[in-house]
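Below you'll find the structure, written out as structure tokens, and then a few comments.
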Amino acid sequence: MERKTFHIVTYGCQMNVHESEKLAGIMRGLGYEPIEDERQADAIIFNTCCIRENAEERARGNIGALKKLKKEKKDLIIAVGGCMTQQKGGAERLKKTFPFIDIVFGTHNLEQFGELFLKRLNEKKSVLAVEEKEGAISEGTPKLRSSYPNAWVNIMYGCDNFCSYCIVPYVRGRERSRRAEDVVRECENLVAEGYKEITLLGQNVNSYRGEGGVSFADLLRKIDAIEGRFRLRFMTNHPKDLSEDVARAIAESEKICHAVHLPVQSGSDRILKLMNRRYTGGQYLEKLDMLKKIVPDCAVTSDVMVGFPTETEEDFEATLELVKRARFHGAFTFVYSPRRGTAAAAMEGQVPEEVSKQRIIRLIELQNAVNREISESYAGKTAEVLCEGYDREKSLFFGRDEYGKTICFDGGEETDIGNFCDVKIHAANGISLTGSKMRKGN
Ligand code: SAH
Ligand code: SF4
Ligand code: F3S
């Protein structure tokens, strides 16, 4: 008999990418196989994000585009889960706009997806399951991983910070941590299976608190102690909670990459206060100094937002100034997007889109200049690259160094994927880096 197939479309953060691996694991458990071409799939699952309006628009556009296919293929099952469905009234809005959706499931219903899917198959009517509150953490959901040689590992769920612009605490529930022994066991298994990089995931990993009071630094040390050759990364950090103990754990470790993602959002103290970030620009820079004192070669990356309500030219210039001083190894830049139900959405003084657009252009220009300088500093050096794959268009292999910098290289072989390769970097061409794999004895 021909195998049934599924296709998953994922939006949003690494958390969602990893949760799609769980959905894939669940579908595999039901006897379905993954398929690239969604038009051939028997089931299409959307794992959505609502962090900004454009993420929602993209999902709505792609779901809407399936209306015709669904008419042609009566047996096709369309499921929508993730953060959009968990917003207040979100599931109902989706059902109303797209009545052809078969299954709507919330972020707290992910582990149940197999049962919901079978229910839809057996009862032949649409299923809606959006639990309002987070339940206990459930271990043991199967995963079909798709990011070898990297493996994502959740250490905590939810967020209690309530930054005033952010929807995450509303759609992901309260902060809760997995038990350290469960996390360590998962990491041990991954290393034994041959994964070469583990990335720990949480909205605010610094407030990890395992059973018995295990801190994030403790957890890092436990994972670092696992035998074998692998890199350890983690994200995301909140500046107010990043401790010296974590910095020391990084410095003293063998496997933790000297790379920290530390979102700053703004350089204006007034805006940071309105954002409820609980630090000032000065305190952020002090954190950077602390980190660099303990881990001198630490590469710091960041998230920066423009156009938060009431942001003036002066506030924005404070952001530029901070970005200049911080010399981030890279930064994701965003235009503020009002989110229904958050404190900031109700604030006076929303910034016109035109103004925000101008500001983000200036911010990107500044950060690009820093990126270029950092890239130039690589020229002629040798970097150790964990080979992640082969880029057919460029006919080059690619991977990242310890600092998270992407490097393309020639001279590799298919068997290098998942290996650490020494790559001699050519002169930098703008921001991107290319080099050649060095042969042993070179
Ligand atoms: N928990 C992580 C970030 C999650 S969201 C952390 O705190 O670092 C990733 C990034 O999206 C945030 O750092 C922020 O810069 C951006 N973001 C969140 N809400 C946003 C909004 N309403 N509009 C624009 N950008 C937003
Ligand atoms: Fe959102 Fe702030 Fe929590 Fe990050 S820390 S997920 S920005 S509320
Ligand atoms: Fe988006 Fe949800 Fe992640 S809103 S950024 S997918 S936690």
#### Entry: Difference of contour (0.36 nm per residue) and Cα-Cα distance, residue 73 to residue 125
17.1 nm
### Query
Working out 0.36 nm times the residue gap between residue 365 and residue 229, then minus their Cα-Cα distance, what length gain in nm do you get to one decimal?
45.2 nm
### Summary
By accessible area (1.4 Å), largest first, 393, 56 order as 393, 56
### Task
Compute the label zone of residue 324 within region 349-389: residues whose backbone N is under 18 Å from the point 7 Å along Cα-to-Cβ.
359-374
### Message
Could you work out the relative contact order of region 4-129? I mean the mean sequence separation of Cα pairs under 8 Å and 6+ apart, divided by the number of residues, in percent.
### Response
23 percent
## Note on the structure
The relative contact order of the chain, taking Cα pairs under 8 Å that sit 6 or more residues apart, comes to a percentage of 10 percent
### Task
Would you mind counting up the charge near residue 111? Only other residues with Cβ under 11 Å from its Cβ, with Lys and Arg at +1 and Asp and Glu at -1.
-3
### Summary
Quick calc, region 267-308, dipole around Cα centre from Cβ unit charges on Lys, Arg (+) and Asp, Glu (-), nearest 20 debye, gives 180 debye
### Task
Could you work out the relative contact order of region 147-257, using alpha carbon pairs under 8 angstrom and six or more residues apart, expressed as a whole percent?
28 percent
### Task
Pull up all non-local amide H partners of residue 260: gap of 5 or more, or a different chain, and H-to-H distance under 5 Å with H placed in the peptide plane.
299, 300, 301
### Task
Give me the orientation-averaged projected area of the Cα convex hull of the chain, in nm², one decimal.
22.6 nm²
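Quick check for you: with a 1.4 Å probe and neighbouring chains kept, what is the accessible area per residue of the chain, in Å²?
46 Å²
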## Note on the structure
On each of the three principal axes the extent of the alpha-carbon atoms of region 393-442, given in whole Å and largest first, is 28, 23, 23
### Summary
Fraction of alpha-carbon pairs in region 288-376 farther than 15 Å apart, rounded to whole percent, equals 62 percent
### Query
When each pair of different Cα atoms in region 303-442 is counted once in the 1/r mean, what is the Kirkwood radius in angstroms, to one decimal?
17.4 Å
### Query
Along the three principal axes, how long is region 127-192 when you take its alpha carbons, biggest first, rounded to the nearest angstrom?
41, 32, 23
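In the chain, what percent of the accessible surface is made up of carbon and sulfur (1.4 Å probe, ligands and nucleic acids excluded)?
49 percent
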### Task
Classify region 155-251 as rounded, prolate or oblate, taking a ≥ b ≥ c as the square roots of the eigenvalues of its Cα gyration tensor: rounded when a/c is under 1.5, otherwise prolate if a/b is larger than b/c and oblate if not.
prolate
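The values are calculated or read from the model by the stated rules, or taken from the named source; none is laboratory data. Computed from a predicted structure; not experimentally measured. Neighbour counts are summed over all protein chains in view; Cβ atoms, including those assigned to glycine, are modelled from backbone coordinates with ideal geometry. Accessible surface is based on the protein model in full, side chains and every heavy atom, while ligands, DNA and RNA are left aside. Shrake-Rupley method; radii C 1.70, N 1.55, O 1.52, S 1.80 Å.
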